[in-house]
Amino acid sequence: MTDVAKNEQAEPEVANRGFGDRDPIFGDSPEGTDVWQRVPYNPDDYGPVSDFATDFDHADPDYNPNAPKVWKQLREDGCPVAHSDRYGGMWIPITHDTVHEIAYDTENFTSRSVVVSVGRPGDMAMPAPIGGVPPISSDPPFHGQARRMLLPPFAPKQIEPWEEEVRILCRRLLDDMGEITPGESVVDAAVQYAQHIPVNVIGRMLGFPEKDEALFRKFVHDALERINEEPGTRDGLDDLGHYIGAQIDDHRENPRDDLTSYLMNQELNGEKLSDDIVGGAIVLLLVAGIDTTWSAIGSSLWHLAQSPDDRKRLQDDPEVMTFAVEEFLRAYAPVTMARMVAKDNDFHGCPMKKDDWVLLPFPAANHDPKQFEDPDKFVIDREQNRHAAFGLGIHRCLGSNLARLELRVAIEEFVARFPNFELAGDVTWSVGQIRGPRVLPVRILAD
Amino acid sequence: MQIHLDAEKCQGHNRCYGLAPELFDVDDYGQAVLLVDGEVPAELHDKARLAASNCPEYAITLTQES
Ligand code: HEM
(Lines give C-alpha, C1' and ligand atoms only; values in the text may rest on other atoms or scores of the structure.)
Protein backbone atom coordinates (compact mmCIF):
# COMPACT_ATOMS: atom_id res chain seq x y z
CA MET A 1 0.00 0.00 0.00
CA THR A 2 1.35 3.43 -0.91
CA ASP A 3 1.41 6.34 1.52
CA VAL A 4 -1.19 8.20 -0.53
CA ALA A 5 -3.65 5.34 -0.53
CA LYS A 6 -3.24 5.01 3.21
CA ASN A 7 -3.88 8.71 3.78
CA GLU A 8 -6.97 8.82 1.61
CA GLN A 9 -8.36 5.92 3.53
CA ALA A 10 -7.61 7.43 6.89
CA GLU A 11 -9.35 10.80 6.42
CA PRO A 12 -13.06 9.95 6.45
CA GLU A 13 -12.55 7.44 9.22
CA VAL A 14 -11.11 10.09 11.51
CA ALA A 15 -13.99 12.44 10.87
CA ASN A 16 -16.51 9.72 11.62
CA ARG A 17 -15.08 8.76 14.94
CA GLY A 18 -15.95 12.02 16.60
CA PHE A 19 -12.54 12.64 18.16
CA GLY A 20 -12.34 16.12 16.59
CA ASP A 21 -9.82 17.17 13.99
CA ARG A 22 -6.83 16.21 16.06
CA ASP A 23 -4.13 14.06 14.46
CA PRO A 24 -3.62 10.71 16.11
CA ILE A 25 -0.97 10.71 18.81
CA PHE A 26 0.58 7.77 17.06
CA GLY A 27 -0.49 4.89 14.88
CA ASP A 28 0.83 2.46 12.36
CA SER A 29 3.29 3.84 9.88
CA PRO A 30 3.16 2.67 6.31
CA GLU A 31 5.66 -0.04 5.58
CA GLY A 32 8.60 0.76 3.37
CA THR A 33 9.48 3.90 5.24
CA ASP A 34 12.44 3.71 7.56
CA VAL A 35 9.98 3.66 10.42
CA TRP A 36 8.35 0.33 9.77
CA GLN A 37 9.81 -2.65 8.00
CA ARG A 38 7.88 -5.70 6.94
CA VAL A 39 9.88 -8.79 7.85
CA PRO A 40 10.15 -11.54 5.26
CA TYR A 41 7.62 -13.88 6.85
CA ASN A 42 4.33 -15.18 5.60
CA PRO A 43 2.61 -17.46 8.14
CA ASP A 44 0.90 -19.32 5.28
CA ASP A 45 4.28 -20.55 4.02
CA TYR A 46 4.87 -22.29 7.33
CA GLY A 47 1.62 -23.73 8.67
CA PRO A 48 1.36 -25.42 12.06
CA VAL A 49 4.53 -26.01 14.07
CA SER A 50 5.98 -29.49 13.64
CA ASP A 51 9.01 -29.14 15.92
CA PHE A 52 9.22 -26.43 18.57
CA ALA A 53 13.02 -26.77 18.87
CA THR A 54 13.64 -25.57 15.31
CA ASP A 55 10.34 -24.01 14.22
CA PHE A 56 9.02 -22.39 17.40
CA ASP A 57 5.92 -20.24 17.10
CA HIS A 58 4.26 -18.80 20.19
CA ALA A 59 1.33 -17.72 17.96
CA ASP A 60 0.54 -21.30 16.96
CA PRO A 61 -2.94 -21.93 18.38
CA ASP A 62 -1.63 -25.13 20.01
CA TYR A 63 1.13 -23.35 21.89
CA ASN A 64 -0.66 -21.56 24.71
CA PRO A 65 -2.92 -24.46 25.72
CA ASN A 66 0.12 -26.78 25.87
CA ALA A 67 2.98 -24.44 26.74
CA PRO A 68 4.20 -26.24 29.91
CA LYS A 69 4.51 -29.47 27.91
CA VAL A 70 6.43 -27.68 25.16
CA TRP A 71 8.95 -26.22 27.65
CA LYS A 72 9.39 -29.56 29.40
CA GLN A 73 10.00 -31.36 26.13
CA LEU A 74 12.53 -28.77 24.98
CA ARG A 75 14.39 -28.92 28.29
CA GLU A 76 14.43 -32.71 28.35
CA ASP A 77 15.76 -32.74 24.80
CA GLY A 78 18.62 -30.55 26.01
CA CYS A 79 17.54 -27.42 24.15
CA PRO A 80 18.09 -24.33 26.34
CA VAL A 81 17.53 -21.98 23.39
CA ALA A 82 15.08 -22.89 20.62
CA HIS A 83 15.06 -21.22 17.21
CA SER A 84 12.67 -20.37 14.43
CA ASP A 85 12.94 -18.84 10.97
CA ARG A 86 9.52 -17.31 11.46
CA TYR A 87 9.16 -13.54 11.88
CA GLY A 88 12.46 -13.09 10.06
CA GLY A 89 14.38 -15.09 12.68
CA MET A 90 13.65 -15.65 16.37
CA TRP A 91 15.44 -17.21 19.36
CA ILE A 92 13.66 -18.62 22.38
CA PRO A 93 15.56 -19.19 25.64
CA ILE A 94 13.72 -21.73 27.79
CA THR A 95 15.70 -22.02 31.02
CA HIS A 96 15.67 -19.62 33.97
CA ASP A 97 19.41 -18.99 33.53
CA THR A 98 19.16 -17.97 29.86
CA VAL A 99 16.02 -15.85 30.32
CA HIS A 100 17.68 -14.14 33.29
CA GLU A 101 20.89 -13.51 31.37
CA ILE A 102 19.13 -11.91 28.38
CA ALA A 103 16.83 -9.79 30.55
CA TYR A 104 19.92 -8.37 32.28
CA ASP A 105 21.98 -7.84 29.12
CA THR A 106 20.65 -4.54 27.78
CA GLU A 107 23.81 -4.02 25.70
CA ASN A 108 23.25 -6.94 23.37
CA PHE A 109 19.45 -7.06 23.59
CA THR A 110 17.32 -3.98 23.06
CA SER A 111 13.71 -3.39 24.12
CA ARG A 112 13.05 -1.36 20.95
CA SER A 113 10.24 -3.80 20.22
CA VAL A 114 8.84 -6.12 22.87
CA VAL A 115 6.06 -7.70 20.82
CA VAL A 116 7.16 -10.06 18.04
CA SER A 117 5.33 -9.23 14.85
CA VAL A 118 5.62 -9.34 11.08
CA GLY A 119 6.81 -5.76 11.15
CA ARG A 120 9.72 -4.41 13.11
CA PRO A 121 10.77 -0.87 13.84
CA GLY A 122 13.25 0.44 11.29
CA ASP A 123 16.29 2.52 12.14
CA MET A 124 14.30 5.75 11.80
CA ALA A 125 11.57 4.69 14.22
CA MET A 126 11.74 6.40 17.60
CA PRO A 127 15.28 5.11 17.98
CA ALA A 128 16.55 3.26 21.00
CA PRO A 129 17.01 4.19 23.75
CA ILE A 130 13.55 5.81 23.82
CA GLY A 131 11.36 3.74 21.53
CA GLY A 132 7.67 4.26 20.87
CA VAL A 133 6.22 3.47 24.30
CA PRO A 134 8.64 4.38 27.07
CA PRO A 135 9.76 2.90 29.37
CA ILE A 136 8.94 -0.60 28.12
CA SER A 137 10.50 0.12 24.71
CA SER A 138 13.46 2.05 26.16
CA ASP A 139 17.01 1.04 26.95
CA PRO A 140 19.42 2.62 29.44
CA PRO A 141 20.12 5.37 30.17
CA PHE A 142 16.79 6.90 29.04
CA HIS A 143 14.81 3.98 30.43
CA GLY A 144 15.58 4.90 34.03
CA GLN A 145 14.35 8.46 33.58
CA ALA A 146 11.07 7.47 31.95
CA ARG A 147 10.47 4.73 34.47
CA ARG A 148 11.21 6.90 37.48
CA MET A 149 8.46 9.24 36.39
CA LEU A 150 5.87 6.43 36.41
CA LEU A 151 7.00 4.66 39.57
CA PRO A 152 5.41 6.85 42.29
CA PRO A 153 1.74 6.39 41.31
CA PHE A 154 2.27 2.59 41.20
CA ALA A 155 4.25 2.27 44.44
CA PRO A 156 2.65 -0.05 47.04
CA LYS A 157 1.35 2.69 49.30
CA GLN A 158 -0.38 4.47 46.42
CA ILE A 159 -1.97 1.24 45.22
CA GLU A 160 -3.17 -0.12 48.59
CA PRO A 161 -6.04 2.43 48.86
CA TRP A 162 -7.59 1.05 45.65
CA GLU A 163 -8.44 -2.25 47.34
CA GLU A 164 -11.97 -1.29 48.35
CA GLU A 165 -12.79 -0.01 44.88
CA VAL A 166 -11.52 -3.21 43.27
CA ARG A 167 -13.57 -5.26 45.73
CA ILE A 168 -16.76 -3.32 44.99
CA LEU A 169 -16.16 -3.76 41.26
CA CYS A 170 -15.69 -7.54 41.63
CA ARG A 171 -18.87 -7.84 43.68
CA ARG A 172 -20.81 -5.86 41.12
CA LEU A 173 -19.61 -8.18 38.34
CA LEU A 174 -20.69 -11.19 40.41
CA ASP A 175 -24.07 -9.56 41.04
CA ASP A 176 -24.44 -8.94 37.31
CA MET A 177 -24.30 -12.70 36.69
CA GLY A 178 -27.90 -12.77 37.87
CA GLU A 179 -29.79 -15.57 39.55
CA ILE A 180 -27.54 -18.59 40.18
CA THR A 181 -28.93 -22.09 40.61
CA PRO A 182 -26.19 -24.30 42.12
CA GLY A 183 -25.57 -27.40 40.04
CA GLU A 184 -27.08 -25.81 36.96
CA SER A 185 -25.94 -22.27 36.31
CA VAL A 186 -22.93 -21.86 34.05
CA VAL A 187 -21.04 -18.56 33.96
CA ASP A 188 -18.06 -17.52 31.87
CA ALA A 189 -15.40 -16.59 34.42
CA ALA A 190 -13.22 -14.99 31.72
CA VAL A 191 -15.81 -13.06 29.72
CA GLN A 192 -18.21 -12.10 32.51
CA TYR A 193 -15.63 -11.55 35.23
CA ALA A 194 -11.86 -11.53 34.68
CA GLN A 195 -11.77 -9.39 31.56
CA HIS A 196 -13.72 -6.50 33.10
CA ILE A 197 -11.58 -6.01 36.18
CA PRO A 198 -8.28 -4.53 34.95
CA VAL A 199 -9.87 -2.42 32.23
CA ASN A 200 -12.19 -0.78 34.73
CA VAL A 201 -9.52 -0.20 37.31
CA ILE A 202 -6.95 1.39 34.98
CA GLY A 203 -9.68 3.40 33.28
CA ARG A 204 -10.67 4.86 36.64
CA MET A 205 -7.08 5.56 37.61
CA LEU A 206 -6.63 7.43 34.32
CA GLY A 207 -9.90 9.31 34.74
CA PHE A 208 -11.43 7.96 31.48
CA PRO A 209 -15.22 7.63 31.07
CA GLU A 210 -16.54 4.28 32.28
CA LYS A 211 -18.69 3.87 29.19
CA ASP A 212 -15.53 3.37 27.08
CA GLU A 213 -14.61 0.02 28.57
CA ALA A 214 -15.58 -1.97 25.46
CA LEU A 215 -13.52 0.33 23.27
CA PHE A 216 -10.40 -0.27 25.40
CA ARG A 217 -10.82 -4.00 25.12
CA LYS A 218 -10.89 -3.80 21.34
CA PHE A 219 -7.71 -1.68 21.27
CA VAL A 220 -5.82 -4.06 23.48
CA HIS A 221 -6.97 -7.00 21.44
CA ASP A 222 -5.81 -5.27 18.26
CA ALA A 223 -2.39 -4.50 19.62
CA LEU A 224 -1.61 -7.86 21.17
CA GLU A 225 -3.44 -10.64 19.42
CA ARG A 226 -3.40 -9.62 15.78
CA ILE A 227 0.33 -9.86 15.45
CA ASN A 228 0.29 -11.91 12.28
CA GLU A 229 -1.75 -9.40 10.32
CA GLU A 230 -0.26 -6.85 7.96
CA PRO A 231 0.79 -3.68 9.80
CA GLY A 232 -1.41 -1.49 7.59
CA THR A 233 -4.55 -3.35 8.67
CA ARG A 234 -4.16 -2.69 12.35
CA ASP A 235 -6.43 0.33 12.38
CA GLY A 236 -7.16 -0.18 16.03
CA LEU A 237 -3.91 1.59 16.84
CA ASP A 238 -4.97 4.75 14.98
CA ASP A 239 -8.30 4.71 16.80
CA LEU A 240 -6.53 4.43 20.10
CA GLY A 241 -4.30 7.36 19.19
CA HIS A 242 -7.32 9.54 18.46
CA TYR A 243 -9.14 8.51 21.56
CA ILE A 244 -6.27 9.22 23.88
CA GLY A 245 -5.55 12.52 22.17
CA ALA A 246 -9.12 13.57 22.92
CA GLN A 247 -8.78 12.49 26.56
CA ILE A 248 -5.59 14.51 26.92
CA ASP A 249 -7.31 17.57 25.47
CA ASP A 250 -10.15 17.09 27.91
CA HIS A 251 -7.75 16.84 30.83
CA ARG A 252 -5.97 20.00 29.67
CA GLU A 253 -9.27 21.85 29.92
CA ASN A 254 -10.45 20.09 33.07
CA PRO A 255 -7.42 18.99 35.07
CA ARG A 256 -8.27 16.56 37.85
CA ASP A 257 -6.65 14.36 40.45
CA ASP A 258 -5.95 11.31 38.33
CA LEU A 259 -3.18 9.52 36.51
CA THR A 260 -3.67 11.38 33.22
CA SER A 261 -3.30 14.78 34.87
CA TYR A 262 -0.36 13.44 36.88
CA LEU A 263 1.41 12.43 33.67
CA MET A 264 0.66 15.74 31.97
CA ASN A 265 2.33 17.56 34.86
CA GLN A 266 5.52 15.52 34.73
CA GLU A 267 8.72 17.05 33.42
CA LEU A 268 11.57 15.57 31.48
CA ASN A 269 14.76 17.61 31.13
CA GLY A 270 12.99 20.62 32.59
CA GLU A 271 10.11 20.57 30.13
CA LYS A 272 6.52 19.40 30.48
CA LEU A 273 5.95 16.09 28.70
CA SER A 274 4.74 16.38 25.13
CA ASP A 275 1.33 14.93 24.31
CA ASP A 276 3.14 12.20 22.37
CA ILE A 277 4.99 11.02 25.44
CA VAL A 278 1.92 11.25 27.69
CA GLY A 279 -0.12 9.37 25.08
CA GLY A 280 2.56 6.72 24.72
CA ALA A 281 2.66 6.16 28.46
CA ILE A 282 -1.13 5.82 28.62
CA VAL A 283 -1.19 3.31 25.80
CA LEU A 284 1.49 1.37 27.53
CA LEU A 285 -0.55 1.26 30.74
CA LEU A 286 -3.61 0.03 28.85
CA VAL A 287 -1.78 -2.52 26.76
CA ALA A 288 0.50 -3.72 29.54
CA GLY A 289 -2.12 -3.84 32.26
CA ILE A 290 -5.31 -5.21 30.76
CA ASP A 291 -4.73 -8.46 28.86
CA THR A 292 -2.06 -9.47 31.35
CA THR A 293 -4.07 -9.16 34.55
CA TRP A 294 -7.21 -10.52 32.93
CA SER A 295 -5.17 -13.59 31.93
CA ALA A 296 -3.72 -14.06 35.41
CA ILE A 297 -7.18 -13.92 37.01
CA GLY A 298 -8.62 -16.28 34.39
CA SER A 299 -5.85 -18.87 34.72
CA SER A 300 -6.14 -18.83 38.49
CA LEU A 301 -9.89 -19.49 38.34
CA TRP A 302 -9.26 -22.17 35.70
CA HIS A 303 -6.92 -23.86 38.17
CA LEU A 304 -9.36 -23.54 41.07
CA ALA A 305 -12.22 -24.95 38.99
CA GLN A 306 -10.16 -28.16 38.79
CA SER A 307 -8.80 -28.26 42.31
CA PRO A 308 -11.28 -28.75 45.16
CA ASP A 309 -8.40 -29.05 47.65
CA ASP A 310 -7.02 -25.65 46.80
CA ARG A 311 -10.49 -24.08 46.91
CA LYS A 312 -11.01 -25.55 50.35
CA ARG A 313 -7.62 -24.39 51.57
CA LEU A 314 -8.35 -20.81 50.51
CA GLN A 315 -11.62 -20.95 52.42
CA ASP A 316 -10.28 -22.59 55.59
CA ASP A 317 -7.02 -20.69 55.73
CA PRO A 318 -7.33 -17.22 54.17
CA GLU A 319 -3.78 -16.41 55.33
CA VAL A 320 -2.41 -18.78 52.71
CA MET A 321 -3.36 -16.18 50.09
CA THR A 322 0.00 -14.41 50.54
CA PHE A 323 1.69 -17.51 49.11
CA ALA A 324 -1.15 -18.59 46.84
CA VAL A 325 -1.09 -15.35 44.82
CA GLU A 326 2.61 -15.80 44.09
CA GLU A 327 2.10 -19.45 43.18
CA PHE A 328 -0.69 -18.54 40.75
CA LEU A 329 1.68 -15.99 39.24
CA ARG A 330 4.50 -18.51 39.01
CA ALA A 331 2.57 -21.47 37.69
CA TYR A 332 0.40 -19.49 35.27
CA ALA A 333 2.56 -16.48 34.46
CA PRO A 334 0.76 -14.80 31.58
CA VAL A 335 3.49 -12.63 30.07
CA THR A 336 6.20 -13.50 27.55
CA MET A 337 8.19 -10.46 26.45
CA ALA A 338 10.58 -9.98 23.58
CA ARG A 339 13.83 -8.23 22.75
CA MET A 340 15.64 -7.52 19.50
CA VAL A 341 19.29 -8.43 19.09
CA ALA A 342 21.15 -5.09 19.24
CA LYS A 343 24.40 -6.36 17.77
CA ASP A 344 25.67 -9.66 16.44
CA ASN A 345 26.68 -11.87 19.32
CA ASP A 346 27.31 -15.47 20.20
CA PHE A 347 24.93 -16.54 22.95
CA HIS A 348 26.06 -19.91 24.35
CA GLY A 349 26.81 -21.11 20.82
CA CYS A 350 23.77 -19.47 19.19
CA PRO A 351 24.86 -17.11 16.41
CA MET A 352 22.51 -14.19 17.05
CA LYS A 353 22.33 -11.50 14.37
CA LYS A 354 21.36 -7.85 14.76
CA ASP A 355 17.57 -7.42 14.48
CA ASP A 356 16.77 -11.08 15.19
CA TRP A 357 13.90 -11.43 17.63
CA VAL A 358 14.44 -12.98 21.04
CA LEU A 359 11.43 -14.12 23.05
CA LEU A 360 11.66 -13.83 26.82
CA PRO A 361 9.31 -16.52 28.13
CA PHE A 362 9.21 -15.67 31.83
CA PRO A 363 6.53 -18.37 32.18
CA ALA A 364 9.03 -20.99 30.97
CA ALA A 365 11.65 -19.72 33.43
CA ASN A 366 9.06 -20.24 36.16
CA HIS A 367 8.88 -23.94 35.29
CA ASP A 368 12.61 -24.63 35.33
CA PRO A 369 13.36 -27.52 37.70
CA LYS A 370 16.81 -26.05 38.39
CA GLN A 371 15.10 -23.06 39.98
CA PHE A 372 11.89 -24.56 41.42
CA GLU A 373 11.26 -27.86 43.14
CA ASP A 374 8.56 -29.80 41.34
CA PRO A 375 7.90 -26.90 38.96
CA ASP A 376 4.91 -28.39 37.18
CA LYS A 377 3.11 -28.96 40.45
CA PHE A 378 0.92 -26.22 41.92
CA VAL A 379 1.90 -25.87 45.59
CA ILE A 380 -0.49 -23.39 47.14
CA ASP A 381 1.80 -22.54 50.07
CA ARG A 382 5.13 -22.72 48.23
CA GLU A 383 7.51 -20.99 50.61
CA GLN A 384 10.45 -20.38 48.33
CA ASN A 385 9.23 -18.76 45.15
CA ARG A 386 11.49 -16.35 43.29
CA HIS A 387 9.16 -16.33 40.31
CA ALA A 388 9.81 -14.13 37.31
CA ALA A 389 6.18 -13.46 36.32
CA PHE A 390 6.81 -9.73 36.56
CA GLY A 391 10.09 -9.95 34.69
CA LEU A 392 13.69 -9.70 35.86
CA GLY A 393 16.02 -6.71 35.92
CA ILE A 394 15.35 -3.09 35.07
CA HIS A 395 11.97 -3.56 33.36
CA ARG A 396 10.30 -5.22 36.39
CA CYS A 397 6.57 -4.78 35.86
CA LEU A 398 5.69 -1.28 36.90
CA GLY A 399 2.13 -2.30 37.60
CA SER A 400 3.01 -5.34 39.71
CA ASN A 401 1.53 -3.97 42.93
CA LEU A 402 -1.72 -3.14 41.18
CA ALA A 403 -1.78 -6.48 39.33
CA ARG A 404 -1.19 -8.40 42.54
CA LEU A 405 -3.96 -6.48 44.29
CA GLU A 406 -6.43 -7.13 41.47
CA LEU A 407 -5.52 -10.81 41.29
CA ARG A 408 -5.86 -11.34 45.05
CA VAL A 409 -9.15 -9.48 45.41
CA ALA A 410 -10.63 -11.06 42.27
CA ILE A 411 -9.92 -14.57 43.60
CA GLU A 412 -11.05 -13.75 47.13
CA GLU A 413 -14.37 -12.36 45.96
CA PHE A 414 -15.03 -15.14 43.46
CA VAL A 415 -14.47 -17.96 45.94
CA ALA A 416 -16.33 -16.08 48.68
CA ARG A 417 -19.39 -15.92 46.42
CA PHE A 418 -18.93 -19.34 44.82
CA PRO A 419 -16.98 -21.70 47.11
CA ASN A 420 -17.50 -24.58 44.65
CA PHE A 421 -17.36 -24.59 40.89
CA GLU A 422 -16.13 -26.84 38.08
CA LEU A 423 -15.24 -26.56 34.40
CA ALA A 424 -18.37 -26.76 32.26
CA GLY A 425 -17.18 -27.01 28.69
CA ASP A 426 -14.39 -26.10 26.32
CA VAL A 427 -11.86 -23.51 27.40
CA THR A 428 -10.39 -21.24 24.72
CA TRP A 429 -6.87 -19.95 25.29
CA SER A 430 -5.47 -16.70 23.96
CA VAL A 431 -3.05 -16.72 21.03
CA GLY A 432 0.28 -14.92 21.26
CA GLN A 433 2.61 -13.59 23.93
CA ILE A 434 -0.05 -13.17 26.60
CA ARG A 435 -1.30 -16.51 27.87
CA GLY A 436 -4.66 -17.00 29.53
CA PRO A 437 -8.17 -18.35 29.05
CA ARG A 438 -10.43 -16.22 26.87
CA VAL A 439 -13.52 -18.41 27.24
CA LEU A 440 -13.88 -20.12 30.60
CA PRO A 441 -17.27 -21.71 31.28
CA VAL A 442 -17.67 -22.86 34.89
CA ARG A 443 -20.65 -24.48 36.55
CA ILE A 444 -21.49 -23.15 39.99
CA LEU A 445 -21.96 -25.99 42.48
CA ALA A 446 -23.64 -26.16 45.88
CA ASP A 447 -21.53 -24.88 48.79
CA MET B 1 21.87 -13.27 62.01
CA GLN B 2 22.92 -10.35 59.81
CA ILE B 3 20.78 -9.09 56.94
CA HIS B 4 21.98 -7.10 53.96
CA LEU B 5 20.01 -5.41 51.20
CA ASP B 6 21.75 -4.59 47.92
CA ALA B 7 19.90 -1.46 46.76
CA GLU B 8 21.50 -1.73 43.30
CA LYS B 9 19.96 -5.13 42.73
CA CYS B 10 16.52 -4.26 44.13
CA GLN B 11 14.00 -3.68 41.32
CA GLY B 12 11.01 -3.07 43.54
CA HIS B 13 9.21 -6.42 43.29
CA ASN B 14 8.09 -5.68 46.86
CA ARG B 15 8.11 -9.30 47.89
CA CYS B 16 10.12 -8.56 51.06
CA TYR B 17 7.77 -5.78 52.11
CA GLY B 18 4.82 -8.13 51.67
CA LEU B 19 6.40 -11.02 53.57
CA ALA B 20 8.35 -9.22 56.28
CA PRO B 21 7.01 -5.71 56.89
CA GLU B 22 8.79 -5.77 60.27
CA LEU B 23 12.11 -5.80 58.42
CA PHE B 24 11.38 -3.90 55.20
CA ASP B 25 9.62 -0.73 54.20
CA VAL B 26 9.30 0.75 50.69
CA ASP B 27 10.03 4.29 49.56
CA ASP B 28 7.95 6.53 47.28
CA TYR B 29 9.33 4.73 44.24
CA GLY B 30 8.58 1.27 45.55
CA GLN B 31 12.22 0.45 46.33
CA ALA B 32 12.90 -1.63 49.44
CA VAL B 33 14.31 0.00 52.56
CA LEU B 34 15.81 -2.07 55.37
CA LEU B 35 14.32 -1.19 58.75
CA VAL B 36 16.88 -2.89 60.96
CA ASP B 37 20.50 -2.02 61.38
CA GLY B 38 22.03 -5.25 60.09
CA GLU B 39 21.21 -7.44 63.10
CA VAL B 40 17.94 -9.40 62.84
CA PRO B 41 16.10 -9.92 66.16
CA ALA B 42 15.73 -13.63 66.95
CA GLU B 43 11.95 -13.65 66.62
CA LEU B 44 12.27 -12.37 63.03
CA HIS B 45 14.77 -14.94 61.74
CA ASP B 46 12.08 -16.91 59.94
CA LYS B 47 10.70 -13.83 58.27
CA ALA B 48 14.18 -12.76 57.21
CA ARG B 49 14.73 -16.18 55.62
CA LEU B 50 11.38 -15.94 53.87
CA ALA B 51 12.14 -12.49 52.45
CA ALA B 52 15.60 -13.53 51.28
CA SER B 53 14.43 -16.71 49.60
CA ASN B 54 11.65 -15.00 47.67
CA CYS B 55 13.56 -12.06 46.21
CA PRO B 56 13.58 -12.59 42.43
CA GLU B 57 16.69 -10.43 42.06
CA TYR B 58 18.74 -12.04 44.88
CA ALA B 59 19.08 -8.60 46.49
CA ILE B 60 18.82 -9.84 50.10
CA THR B 61 21.57 -11.81 51.78
CA LEU B 62 21.76 -13.31 55.25
CA THR B 63 24.86 -14.19 57.17
CA GLN B 64 24.88 -16.28 60.30
CA GLU B 65 27.08 -15.03 63.11
CA SER B 66 28.91 -17.98 64.60
C1 HEM C 1 -0.56 -10.19 36.24
C2 HEM C 1 -0.43 -9.10 35.55
C3 HEM C 1 0.84 -8.63 34.92
C4 HEM C 1 1.95 -9.33 34.54
C5 HEM C 1 2.21 -10.81 34.67
C6 HEM C 1 2.89 -8.37 34.00
C7 HEM C 1 4.14 -8.71 33.52
C8 HEM C 1 5.10 -7.81 33.09
C9 HEM C 1 6.42 -8.16 32.67
C10 HEM C 1 6.97 -9.57 32.59
C11 HEM C 1 7.09 -7.02 32.37
C12 HEM C 1 8.55 -6.90 31.94
C13 HEM C 1 8.71 -6.44 30.53
C14 HEM C 1 10.09 -6.63 29.96
O15 HEM C 1 10.99 -7.19 30.60
O16 HEM C 1 10.26 -6.22 28.81
C17 HEM C 1 6.16 -5.93 32.59
C18 HEM C 1 6.45 -4.60 32.37
C19 HEM C 1 5.55 -3.58 32.56
N20 HEM C 1 4.26 -3.71 33.06
FE21 HEM C 1 3.32 -5.40 33.63
N22 HEM C 1 2.35 -7.13 34.06
C23 HEM C 1 1.10 -7.23 34.62
C24 HEM C 1 0.22 -6.20 34.87
C25 HEM C 1 0.51 -4.87 34.68
C26 HEM C 1 -0.34 -3.77 35.05
C27 HEM C 1 -1.68 -3.89 35.76
C28 HEM C 1 0.29 -2.63 34.64
C29 HEM C 1 -0.12 -1.19 34.76
C30 HEM C 1 -1.27 -0.72 34.94
C31 HEM C 1 1.54 -3.01 34.04
C32 HEM C 1 2.45 -2.13 33.51
C33 HEM C 1 3.71 -2.46 33.09
C34 HEM C 1 4.67 -1.48 32.60
C35 HEM C 1 4.46 0.02 32.48
C36 HEM C 1 5.83 -2.19 32.27
C37 HEM C 1 7.13 -1.62 31.70
C38 HEM C 1 8.15 -1.42 32.78
C39 HEM C 1 9.51 -1.01 32.24
O40 HEM C 1 9.79 -1.23 31.07
O41 HEM C 1 10.32 -0.47 33.03
N42 HEM C 1 1.65 -4.37 34.08
N43 HEM C 1 4.95 -6.44 33.05
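Exactly one residue among A:PRO140, A:PRO134, A:PRO61, A:PRO40 is outside any helix (DSSP H, G or I) and within 14 Å of another protein chain (Cβ to nearest Cβ), and that residue is A:PRO140. One residue stands out in segment B:26-57 among those that are open to solvent by 60 Å² or more (accessible area, probe 1.4 Å), more than 9 Å from chain A (Cβ to nearest Cβ) and part of a loop (DSSP other than H, G, I, E, B): the one that is farthest from A:GLU326 (Cα to Cα), namely B:ASP37. Of all the criteria given as (1) open to solvent by less than 70 Å² (accessible area, probe 1.4 Å); (2) facing chain A (nearest Cβ under 8 Å), the one not satisfied by B:LEU23 is (2).
When each of A:GLY131, A:GLY122, A:GLY144 is tested for being among the small types (Gly, Ala, Ser), surrounded by fewer than 22 Cβ atoms within 10 Å (Cβ to Cβ) and at pLDDT below 85, the lone residue that passes is A:GLY122.
Among residues of segment A:272-300 that are more than 14 Å from chain B (Cβ to nearest Cβ) and touching a residue at least 12 places away in the same chain (Cβ under 8 Å), those with a Cβ under 8 angstrom from a residue that is charged (D, E, K, R) and within 9 Å of the ligand (Cβ to nearest atom), sequence gap 6+ or separate chain, pair up as A:THR293/A:GLU406; A:ILE297/A:GLU406. Residues that are among the basic types (Lys, Arg) and more than 12 Å from A:PHE418 (Cα to Cα) within segment A:157-198 comprise A:LYS157, A:ARG167, A:ARG172, listed in sequence order.
Pull up segment A:300-320, narrow it to residues that are within 23 Å of the chain's Cα centre (by Cα) and within 21 Å of A:GLN384 (Cα to Cα), then point me to the one that is farthest from the ligand (Cβ to nearest atom). Among them, the one singled out is A:HIS303.
Kindly evaluate A:ASN385 against the criterion of being within 11 Å of the ligand (Cβ to nearest atom), out of contact with any Ser or Thr (no Cβ under 6 Å at 6 or more places or on another chain) and within 14 Å of another protein chain (Cβ to nearest Cβ). Against the criterion (within 11 Å of the ligand (Cβ to nearest atom), out of contact with any Ser or Thr (no Cβ under 6 Å at 6 or more places or on another chain) and within 14 Å of another protein chain (Cβ to nearest Cβ)), A:ASN385 does not qualify. Scanning segment A:188-203 for residues being in contact with a strand residue (DSSP E or B) (Cβ under 6 Å, 6 or more places away or on another chain) and open to solvent by less than 10 Å² (accessible area, probe 1.4 Å) gives a total of 2.
The values are calculated or read from the model by the stated rules, or taken from the named source; none is laboratory data. Remember, predicted model here, so these are calculated numbers, not experimental data. Ideal geometry is used to build each Cβ from the backbone, glycine not excepted, and the neighbour counts take in all protein chains shown. Just so you know, the surface numbers come from the protein's heavy atoms only, side chains and all, with ligands and any DNA or RNA stripped out. Shrake-Rupley method; radii C 1.70, N 1.55, O 1.52, S 1.80 Å.
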